[in-house]
Structures are given as structure tokens and as C-alpha cells.
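The structure under discussion appears below in the form of C-alpha cells.
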Amino acid sequence: MSITVTVILFALGLVLIIKGGDWFVDSAVWFANLTGIPKFIVGATIVSIATTLPELTVSVTGVIEGELDMAVGNAVGSVTANIGLIMGISLVCIPAAVKRSQLCLKAVLMSGSALCLWLLCRNGELRFLPSLFLFAIFFEFLWDNIRSGKKDIGSDDREPVDKKDMPKEILLFIIGIAAIIIGSRLLITYGSELAIILGVPAAIVGVTMVAIGTSLPELVTTITAIRKKEASMSVGNIIGANVIDLTLILPVCSIVSGGGLKIAPQSYVLDMPVCFGMTLLAVVPPLITGRFRRWQGVAMLICYAAYVVVLVKYFGV
């Protein structure tokens, strides 16, 4: 198969995953309004998890199809790309003040989960029982979202919906799930093909091309936030998505793989420590000064570029 066709099918997989996620979230919110489930619960659970559906489905599909390096690389690489590339762009364009009280727990959860994941994989494998620590962090994050949402909820926050739209919403829900599944298979299959054609290890494709591709929803959110000058919205979305990426994806992959997920040396020696370092760069300065600053964004972009250079130079053979 030619490289042109491979790239087109790889890109098609990305489009299907992103649009499928949009349709899934929209229909889920519609059903929440219909049934009376409070929006804050929908936001803290369905929507929060749905923003990581691209990463989750791609990594799980990778494990099922035996592409373990790409699965692990995508999960960890998405967090590094979210901070180093997407959050970096956001802070260069619009630095922002932040309330330490709002940031503190989420900052601890994000950096703590990155460190915990790194330590749990030190023997070259992520086993299910130890990964329960990550699940605990995930549920604490959800519970914190619910606690925060309760403070803002009104007596009735439902939006009116027309029951005549139910067939359409059911169809969108089904199409959304199908698009995510099909897109994940295309992304893994043709991502592997690209790796073979270019002579690049699958792990590098996972932490770069696939990771950036599955982070496109966060990138779109960031661009929208920059246009509206809402830096805090962008940063909050990125931190939340990162916590879920770190605490949900690889533990689920460990279950799918039979309770023991093999971790490549590249992931443990380079990808995970860089990911942890990026989380510290993202949250320590604002916890000290109360602001996300432009120099932080510049430093994130430089660190991410250096990381990619090291990947290609020392692991790209």
C-alpha cells in the first residue's frame, strides 16, 4: 500500500474518532436533559471521560491488536503533548491568573498520578492490582468534580428537549460509538503501517503522531479559548483530561491484556519521566506565584521540542 493511501486512512481514523466523540457527548447530554440527570454530574462524569475517549479507545485497540508499544506511547504521549504543545501554546498567547485553592488538588492529582504510574511500571510491567492506586486517584478526581459542580447547581439546570428528537439522538449515540471504534482501528492499523514505511519504531509513532492526533479535542478547545481570551478554561480542560489519561487508560489496558501490561524500556526510561517533569513545570510555578506565565509556555514548547529530538535521535532506529 502506498504511503499516500496510508496517510489518508490514518487521517480518516483521526476524523472518525473526533467526530464520533462529539456525537457521543452531544447525545449523552441530550439524554441527561431528558431524564433529569443534573448537568454537573454529566460534566463531571460523561463529558470528562468522553474528552479522553480518543486516547482510551486507541490504546485499548492497540492492546487488543498486539501493538503494546503504540498503546502505552499514546496514553503517556498524549499527556506530554497536552502540556508541552497545547498548554504551551495557550500560555504563550494568553497567560492567566489562577486561584490556588481551585488548582491545588487537581495539580496534586495530575503530578501524583504521573509519578505513581512511573513507579508502578519500574519492573517493565503494569499489573492490575497495583494499578488500583491509579483508579483511586481517578475516582477522587471525579468526586472533586461533583463537589465543585454542586456549588454552582441551581434548582433545575435542565434544558428543554423535544422527545420527537429521540430517534435522531439514539442514532447519533450509536454512530458516535461506531465511529470511535472504527477510527481507533484505522489509527492503530495505519499508524503501524506508517511506522513500518518510515522505519520508525511504533513506540515513537505512539508518543508523537498518534498522541498529538488523539489530543486534537484539547487543541480545538485551546484555540477556542484563545479566541475568547479564556485561558483558565483551556488550562482546566487540559489538566482534567491529563488526570483521566494517566489514571484510567493504562489500568484499563492492563485489564484488557490479562492483568499485566508490558512496558517498553523507552516508556519507562524516557516517556514517563518526561511526562512527570512536564506536569511539575505546568503546576509548580502557578502554585507558588498564583499565575500561569508566558515564560512557562515558552519553556513547555522548548522542552517538548527537545523531547521529540531525543526520541528521534536516540530511539528512532
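Every number here is computed from the coordinates shown, using simple stated rules; none is lab data. Bear in mind the structure is a predicted one, so any value in this text is a computation, not a measurement. Backbone-built Cβ (ideal geometry, glycine too); neighbour counts: all protein chains shown.
Measuring against 26 Å, Cα to Cα, the residue pairs 106/313; 19/262; 19/168; 19/106 contain 106/313; 19/262; 19/106 as the ones spanning a longer distance.
For the peptides 129-138, 164-173, 250-259, 203-212, residues were scored by their other Cβ atoms within 10 Å and the scores averaged per peptide; the highest-first order is 203-212, 250-259, 129-138, 164-173.
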